[in-house]
Amino acid sequence: MGTENPGRPNFPMRPSATPFASAPPTVRPFSSSGPVVGSESSNVRPAPPGAPPTMTPFSSGGPRPPARFSDPPVPSPPLTSVPPSGGSYQRFVTPPFPLAAQTPPARAPLVGQPPFQPPGSQVSVPPPSFRPQTQVLPVPMGSPPQNVNFPPSSANVPQPPSDSSFSGPRPNFQMASPLPDHSATKSSFQPPFPGYPGKQPAVSQAPSPFPAQQGNFMPPPAPPSPFASQQGSYAPPPPVAANLGYQSRDQMQHPGSAPPTGSIQSLTEDFSSLSISSMPGSIEPGLDYRTLPRPLDGDLEPNSFLEMYPMNCDPRYLRLTTSAIPNSQSLVSRWHLPLGAVVCPLAEAPEGEEVPVINFASTGIIRCRRCRTYVNPYVTFTDAGRKWRCNICSLLNDVPGEYFANLDATGRRIDLDQRPELLKGSVEFVAPTEYMVRPPMPPLYFFLIDVSISAVRSGMIEVVAQTIRSCLDELPGFPRTQIGFITFDSTIHFYNMKSSLTQPQMMVVSDLDDVFVPLPDDLLVNLSESRNVVETFLDSLPSMFQDNVNVESAFGPALKAAFMVMSQLGGKLLIFQNTLPSLGYGRLKLRGDDIRVYGTDKEHTLRLPEDPFYKQMAADLTKYQIGVNIYAFSDKYTDIASLGTLAKYTGGQVYYYPSFQSNIHGEKLRRELARDLTRETAWEAVMRIRCGKGIRFTSYHGNFMLRSTDLLALPAVDCDKAYAMQLSLEETLLSTPTVYFQVALLYTASCGERRIRVHTAAAPVVTDLGEMYRQADTGAIVSLFCRLAIEKTLTSKLEDARNSLQQRIVKALREYRNLYAVQHRLGARMIYPESLKFLCLYGLALSKSVPLKGGYADAQLDERCAAGFTMMALPVKKLLKLLYPSLIRIDEYLLKPSAQADDFKNIMKRLPLLAESLDSRGLYLYDDGLRFVIWFGRMLSPDIARNLLGPEFAAELSRVALTENDNEMSRRLMKMLKRLRESDPSYYQLPYLVRQGEQPREGFLLLVNLIEDQMGGTVGYVDWIMQIHRQVQQNA
């Protein structure tokens, strides 16, 4: 446990670390034999039918509600995953906590039944007597608590263990408000819906002040139970290591947030758990799938980071895998999860906020003269404001005269309110001329377009030409924007776009071995000057090649030609490729269909570029500030592994449209190309991330070229790109209480200004591994895991990459289990920190994702490589949505009267990705951020299908296009899809329609993506958890 450091922030937002602060969320697992609450792997058996049911005295962590219920007997939970009306798949708010002094009396045996006497051989330590005068909190039957402190007689709560900033076991959730009067909470204890017991409030737990006694204790009778007697239908066994009982649907979906019931552990449990017990009708251990945690609320950005340090930048710009930095190498070695950060430097600002732009003008940008850190909210001013101390390297710097301001009595500058750079974690500085190697470049767009026969037939050329023409007004940087074109098949076609021409002149180069530029100027032109020539060219391009029957592709020589034209200025190169390169430099051969290579040591070579030409070209392009985006269209193999290398090392991205047909996929290409052309872009950028003394970033993952050990070259970067990096400790022990991180992106804005965007964040240094786990950020960890696993597929077999991922999760959970194995009776429970409750599910989703899943037959090689390039660049939120997509039932929303249909959020209740979530009478929408799948149940009302699909509603859905029909239901569906697309415009989701039972279409569009199910030899969620639990226990 760390001790308090002088000057160290004390984090006032956190709750007290006493065992009475709040009870931890624990999980109540399924019942093991239908309606009877079953036993765990112990010798305790439920009472036989007909025998009088017995009850243990109530020693739960939560009080029972007052005697005001007259509920019917509780039936067994239904085994369907269709949510009840009222929407069960929501995280419920933790109920208010009653005061310790108002703890209600313990529950008695059922009316007319004797209290239960536990046999001494089964329960070693009895609970203490309940004394109503002092109302000692209930204590479990179990091993004696460790280091028990007797509470003073004047109070019935123990003293806090210490005042350390990071105290030991502590609850995972914070008390949001003062404790209300117990009587005021009665109304909230009603059962949420018939057939399930109501949620019970959690109360604090105390260590037992009594020594252990061996099996000679009989609990006294307690007040009568408020529940009516039930004959032979509900017979709980004595408390065992895991509490067994019923759960409401909310608790099943969010076990981490369920209030504790049943037996209490000796100490306050600072973790969440799943109980692994025998399933009904089986002696094998198992899990009820309904108890498993699921991220049905999407990605939740970590709040503790901002609560502890309010001046930190928003998590959308910088997320650490844990907001508690380890102070020693030994802690790092026990962490087992990636230690690092995910940075999205140009993420769109939170709604209503903007990153302030600061122009220091004559002063020059204020930076530390030793480590070059930019001035930020965490620097401190001393010597009456004449000096400032760098928060990263601690050097004392002089304050320039123009920047000087006096300090007030608290040491703050008197002009602090007028200085955004000293108040906000994210700012943008206008860079003076010394930050420029050359004058800022204009925004430049160059198009390299395949015009071979397959490109013509697919309709790609027409869509591309129309889209570019429609976006000319919106290209950033007017009136400085430059534009140029090259087309190619077996020859290379250049276009003179000089502004004095009425139409462009085409020049053909057929010498592929010695490519040259036929015209020194006018291949790249100023758009505003040559606008008419450019429009004429785009209008005539589709017809120019409509009779082309050339099947060859001189892609490599055409790429070299584009590089020669662009190398003076740099810019963005957009490549539209439809045919496998077959002539000149960089020609490629078919290699993706060799099934014999899979499973061997040579398997990974299929995912690497075949020809070194592509990596060498990428290095040259980056050097001259050229970023490449690849648009690949083909129904045949086009070697995305080789072509994608160009995007990977130039900070670009790959768009893949397999079997492209303009009448089906045209809208997707149109929208995604338009966004690529019109989104704000940072040109000729470099990025560096600095951190405090004793730690450094050692490896970087994403689409970029590493120019030096820590400088990322990004010729073109935008808001849809994220980069991951891993940390290591340079020193054996960190002596500082806080570590600071600063991301700096130096770039040219489209307006022509050179700017520096700076994001600064602070994080505490800890000595406690448990605190690292408590402050973990699943989203950032999964982002790093994803990039590491995809990189591993480039050097190893797919199976090795999946196993490596699973082993790291197992090691982390085993280390976490070992933290609590001594103090707590864990039994057959699988425990995990609340912050990482979704880690196992995301690990499974990653193993089943396109870049990693299965083998030869599970995904085409091009599809696998394209998905890998895409996922390497995705920001955290978009990646998590792709890994665990939304599944929403929408027919109920479409049938609502229009007055009620405006509540869009209410229908966005996500369902578990299970086949059982699908009701054959329903209409469902699956959304992974890249596409929509709309699933029509077999028994869906024909009226709904007719309204949405028109007269073709009974046809095979693969032939039906979704268009807006003239009725309210169809308009409402199209409006809903539009809103979902607007919430994340980076990709355009095309709707694919599928009817239940339409195979194989239903299988590959939807069923294979229900990742919680067993499918095609892959494990389901329950089996995955069991696998991980077994491996955790092996060496625990």
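The values are calculated or read from the model by the stated rules, or taken from the named source; none is laboratory data. As the structure is a prediction and not an experimental result, all values here were calculated from the model. Because the Cβ atoms are built from the backbone with ideal geometry, glycine has one as well, and the counts that use them run over all protein chains shown. Protein only, heavy atoms only, side chains kept; ligands, DNA and RNA dropped before computing areas. Shrake-Rupley method; radii C 1.70, N 1.55, O 1.52, S 1.80 Å.
See the values below:
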item	result
Wholly within region 453-546, strands (runs of 3 or more DSSP E) carrying at least 1 residues that are farther than 21 Å from Tyr631 by Cβ and not basic (Lys, Arg)	492-496, 505-509
Helices (runs of 4 or more DSSP H) (entirely within region 827-899) containing at least 3 residues that are buried (at least 23 other Cβ atoms within 10 Å of the Cβ) and modelled with pLDDT of 95 or more	839-847, 861-873, 876-883
Every residue from region 930-943 that is over 19 Å from Asn663 (Cα atoms), touching a helix residue (DSSP H, G or I) at 6+ places or on another chain (Cβ under 9 Å) and either among the polar types (S, T, N, Q) or open to solvent by 10 Å² or more (accessible area, probe 1.4 Å) (or both)	Leu940, Ser941, Asp943
Members of region 576-628 found to be aliphatic (A, V, I, L, M) and surrounded by 18 or more Cβ atoms within 10 Å (Cβ to Cβ), listed by number	Leu580, Leu583, Leu588, Leu606, Met617, Ala618, Leu621, Ile626, Val628
In region 717-742, the residues that are part of a strand (DSSP E or B) and closer than 30 Å to Leu573 by Cβ	Val717, Tyr723, Ala724, Met725
Filtered residue count, region 556-598, keeping only those that are over 28 Å from Ala685 (Cβ atoms), assigned to a helix (DSSP H, G or I), of a type outside the set (Val, Ile, Thr) and in contact (Cβ under 8 Å) with a residue 24 or more places away in the chain	1
Residue list for region 804-826, restricted to those being more than 17 Å from Thr1018 (Cβ to Cβ), of a type in the set (A, V, I, L, M, F, W, C), open to solvent by less than 40 Å² (accessible area, probe 1.4 Å) and assigned to a helix (DSSP H, G or I)	Val810, Ala812, Leu813
Hits in region 599-619 - residues which are part of a helix (DSSP H, G or I) and closer than 12 Å to Thr795 by Cα	Glu603, His604, Thr605, Leu606, Arg607
All positions within region 530-539 that are under 45 Å from the mean Cα position of the chain (by Cα) and either within 17 Å of Met507 (Cα to Cα) or open to solvent by 40 Å² or more (accessible area, probe 1.4 Å) (or both)	Arg531, Val534, Phe537, Leu538, Asp539
Single residue of Met705, Met687, Met725, Met772 found to be open to solvent by 10 Å² or more (accessible area, probe 1.4 Å) and hydrophobic (A, V, I, L, M, F, W, C)	Met705
Condition met for Pro302 (part of a loop (DSSP other than H, G, I, E, B), under 22 Å from Gly692 (Cβ atoms) and either modelled with pLDDT under 90 or polar (S, T, N, Q) (or both))	yes
Conditions (1) open to solvent by 60 Å² or more (accessible area, probe 1.4 Å); (2) within 23 Å of Tyr309 (Cβ to Cβ); number of the one not met by Asn391	(1)
Residue identified as outside any helix (DSSP H, G or I) and either in contact with a helix residue (DSSP H, G or I) (Cβ under 9 Å, 6 or more places away or on another chain) or not assigned by the TED database to the domain that holds Thr291 (or both) among Ala762, Ala801, Ala780	Ala762
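Here is a yes/no grid of residues against (1) open to solvent by 70 Å² or more (accessible area, probe 1.4 Å); (2) touching a Pro at 6+ places or on another chain (Cβ under 6 Å); (3) free of Cβ contacts under 8 Å to residues at least 60 places away in the same chain; (4) within 30 Å of Glu680 (Cα to Cα):
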| residue | (1), (2), (3), (4) |
| --- | --- |
| Gly385 | no, no, yes, no |
| Asn406 | yes, no, yes, no |
| Ile414 | yes, no, yes, no |
| Glu421 | no, no, no, yes |
| Glu428 | no, no, no, yes |
| Tyr435 | no, no, no, yes |
| Pro442 | no, no, no, yes |
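To keep it simple, each residue is scored yes or no on (1) in a loop (DSSP other than H, G, I, E, B); (2) without any contact (Cβ under 8 Å) to a residue 40 or more places away in the chain; (3) among the small types (Gly, Ala, Ser).
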position	(1), (2), (3)
Thr963	yes, yes, no
Leu973	no, no, no
Pro991	no, no, no
Gly997	yes, no, yes
